[in-house]
Amino acid sequence: MPQLFSNYVAGQWVECETRKTFPNINPANTEETVGLFQASSASDAAAACDAAAKAQPAWAALPAPRRGEYLFKAAEILESRLAQIAEEMTREEGKTLPESKGEVKRAINIMRYFGGEGARQFSYQIPSERENVFCYTLRKPLGVAGLITPWNFPIAIPAWKLAPALVGGNTVVIKPSSLAPLNAWRLVEALHEAGIPAGAVNYVTGRGGTVGDAIVGHPAVRAVSFTGSCEVGTALHEKAARRRIRVQLDMGGKNPTVVLRDADLNYAADVLVNGAFFSTGQKCTACSRAIIEKSVYEPLVEKLLEKTRKLKVGNGLEPGIDVGPSVDASQLETDLKYIEIGKAEGAQLLCGGNRLTGAAYDKGYFIEPAIFAGVQPEMRIAQEEVFGPVLALMVADDFEDAIRLANSVRFGLSASIVSRDLTRVHQFINRIEAGLITVNLPTAGVEYQLPFGGTKESSFGMREQGPLALDFYTESRTVYLKYTQ
């Protein structure tokens with residue numbers, strides 16, 4: 001019998017009022033149920049928000065360095081269980097075990113970084129124009145923060161939302177994706193074992209349309225941070241705007257890698273394979289468009305195909321696997337649908353694109369990494385996010401044409417360039433429409449100590465991660481103090 005995992009409300013592990021559960025299925029082996037989770041109702045979400053509201057004044061009154069101590073303790077607990085949590089991540093989400101271990105370590109680093117922010121919440125002291133007046137700013141928490149997280153980074157994204165919210169003095173209600181709720185449960189478990197006061201953290205699982213909507217609409221919730229699709233994010237923003245609460249959205253991407261004629265082509269091919277196909281392309285920062293200068297297009301494509309065909313697809317728990325499964329049947333169907341769309345639009349499928357069958361493949365959602373050539377900017381596979389291992393190749397006449405193609409989408413999350421030409425590199429940095437820019441690196445692969453977020457339709461609101469993360473979860477107040485009468 002699979003293990004039953006409870007909600008966490010007011011410092012207690014509790015079942016939902018419906019007494020119904022849903023299974024967490026291993027996408028590499030659908031015969032395995034990783035765990036059973038609570039199919040919560042709107043009332044369960046409301047109870048979690050009420051608990052957070054009740055706990056918030058005392059939590060905010062605790063000195064920020066002491067709030068940070070709970071994050072340090074939780075990080076130690078997570079580190080002691082790194083191997084277990086990483087294996088669970090691979091079983092519930094599908095990414096390879098080395099990728100899972102890296103993500104758990106990243107979550108640990110995030111907790112430690114923001115634990116330190118408890119002693120680094122800087123404000124300003126500003127000279128006044130008036131005599132005997134002392135002017136300064138201070139930070140205050142917003143109150144209760146609702147955190148709605150996706151399945152593709154099931155512990156890192158919960159950590160990078162939860163940690164700054166807590167250290168900033170807010171209490172939180174977190175709703176993880178139903179496709180990968182276990183890693184977020186482990187994060188909350190670590191905070192519970194670290195002794196965090198009851199109600200400071202609350203965890204509720206269930207359908208987004210039920211639990212998520214209840215969190216966004218609860219009167220105690222003063223901020224909502226969401227990572228997911230543009231469609232859901234837009235609907236969430238409309239609901240939150242009616243309540244005039246703070247909103248932070250990180251959504252889709254259609255990220256380009258530009259390869260110029262001076263690039264080392266073998267290195268460029270490695271960058272493309274990493275950005276497009278690792279984590280099965282299931283990253284909002286994954287590279288889905290390669291824009292290649294005409295003079296090096298054919299030799300680069302030859303190297304790219306050679307490297308892609310060597311990738312080993314399979315269960316991420318097995319050694320030597322490069323690409324795991326799609327996260328569920330729906331995502332696999334989306335991948336296959338876009339491959340058919342690309343063919344119908346006239347793009348040439350150079351390799352991959354088939355669902356893998358036979359032996360262990362029949363138990364999971366496995367697909368070959370796909371590469372399309374002859375992709376035109378108006379095609380759907382050049383404009384719409386697939387969120388799978390599908391790479392569209394586009395030819396640029398020159399640098400100016402590459403910039404035009406790179407910016408010709410509604411998204412603006414990440415972008416990369418492979419080149420030795422510093423002039424072109426700096427021009428790219430200044431002109432590309434993206435919030436995350438990498439040079440001679442894949443589009444994916446961000447670090448916790450730097451701000452994260454995009455432009456255009458990829459993001460809305462303040463940045464996540466790094467020192468700017470606290471700006472979203474706190475409000476600045478200005479004080480004018482005359483010390484004589």
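The values are calculated or read from the model by the stated rules, or taken from the named source; none is laboratory data. Note that the structure is a prediction, hence the values are computed from the model and not measured. Ideal geometry is used to build each Cβ from the backbone, glycine not excepted, and the neighbour counts take in all protein chains shown. These area figures cover heavy atoms from the full protein model, side chains too; ligands, DNA and RNA do not enter into them. Shrake-Rupley method; radii C 1.70, N 1.55, O 1.52, S 1.80 Å.
Summarising the label geometry, the points placed 7 Å from Cα in the beta-carbon direction at residue 22 and residue 423 lie 5.6 nm from one another. In region 1-90, carbon and sulfur make up what percent of the accessible area (probe 1.4 Å)? Roughly 51 percent of what the probe reaches on region 1-90 is carbon or sulfur. Calculate how steeply helix 230-243 sits against the longest principal axis of the alpha-carbon atoms of the chain, using the helix alpha-carbon long axis, and give the answer as 0 to 90 degrees to the nearest 10. Roughly 20 degrees between the two axes. Across the accessible surface of region 387-485, with the other protein chains kept in place and a 1.4 Å probe, carbon and sulfur atoms take up 53 percent. Entry note, the chain: the mean residue ellipticity at 222 nm calculated from DSSP H runs of n ≥ 4, each adding -39500 (n - 2.57), is -12000 deg cm²/dmol after division by the residues and rounding to the nearest 500.
Helix 97-117 against the longest principal axis of the chain: what's the angle in degrees, Cα atoms only, rounded to the nearest 10? Helix 97-117 and the main axis of the chain meet at about 30 degrees. A straight Cα-to-Cα reach below 14 Å connects residue 175 with the aspartates and glutamates 44, 213, residues fewer than 8 places away in its own chain not being considered. Of the residues 25, 443, 219, the one whose Cα sits farthest toward the positive end of the charge dipole of the chain, with +1 on the Cβ of Lys and Arg and -1 on the Cβ of Asp and Glu, is 219. Helix 156-167 against the longest principal axis of the chain: what's the angle in degrees, Cα atoms only, rounded to the nearest 10? Once rounded, one gets 20 degrees. About the centre of its Cα atoms, the chain shows a dipole size close to 1440 debye [charges on the beta carbon of Lys, Arg (+1) and Asp, Glu (-1) only; nearest 20 debye]. Per residue, the accessible area of the chain comes to 40 Å², computed with a 1.4 Å probe over protein heavy atoms only. Specify whether the C-alpha gyration tensor of region 6-119 places it in the rounded, prolate or oblate class, a ≥ b ≥ c being the square roots of the eigenvalues: rounded for a/c under 1.5, otherwise prolate if a/b is larger than b/c and oblate if not. Verdict is oblate for region 6-119. Kirkwood hydrodynamic radius of the chain, from the reciprocal of the average inverse Cα-Cα distance over all distinct pairs: 23.3 Å.
Taking other residues whose beta carbon is less than 15 angstrom from the beta carbon of residue 339, and scoring Lys, Arg as +1 and Asp, Glu as -1, yields -3.
Summing Lys and Arg as +1 and Asp and Glu as -1 over all other residues whose Cβ lies under 14 Å from the Cβ of residue 198 gives a net charge of -1.
For the chain, the residue among 278, 454, 330 whose Cα projects farthest onto the positive side of the dipole built from Cβ charges is 454. Estimated from the Cβ-Cβ distance and a Förster radius of 30 angstrom, the FRET efficiency linking residue 238 and residue 437 is about 0.50. Specify the inter-centroid distance of region 232-247 and region 441-460, based on alpha-carbon positions, in whole Å. Going from one Cα centre to the other spans 22 Å. The spacing between region 22-63 and region 108-160, judged by their C-alpha centroids, is 24 Å.
Determine the shape class of region 140-285: with a ≥ b ≥ c the square roots of the Cα gyration tensor eigenvalues, call it rounded for a/c under 1.5, and otherwise prolate if a/b is greater than b/c, oblate otherwise. Verdict is prolate for region 140-285.
With a 1.4 Å probe and all protein chains left in place, how much of the accessible area of region 284-380 comes from carbon and sulfur atoms, in whole percent? On region 284-380, the fraction of accessible area on carbon and sulfur atoms equals 48 percent. Site pair residue 337 and residue 213 shows an inter-label distance of 2.1 nm when each label is modelled 7 Å from Cα along Cα→Cβ. Farthest toward the positive end of the dipole of the chain, out of 259, 86, 47, is the Cα of 47, where the dipole comes from beta carbon charges about the Cα centre. Subtracting the Cα-Cα distance of residue 131 and residue 477 from 0.36 nm times their residue separation leaves 122.4 nm of extension gain. Under the rule a/c < 1.5 gives rounded, and otherwise a/b versus b/c splits prolate from oblate, where does region 227-385 land using the Cα gyration tensor? Since a/c reaches 1.5 but b/c is at least a/b, the shape of region 227-385 is classed as oblate. Most tightly packed first, judged by the mean number of other beta-carbon atoms within 10 Å of their residues, the peptides 277-283, 474-480, 338-344 read 277-283, 338-344, 474-480. Using the Cα coordinates of region 355-423, the gyration tensor eigenvalues translate into equivalent-ellipsoid semi-axes of 31, 14, 12 Å, sorted from longest to shortest.
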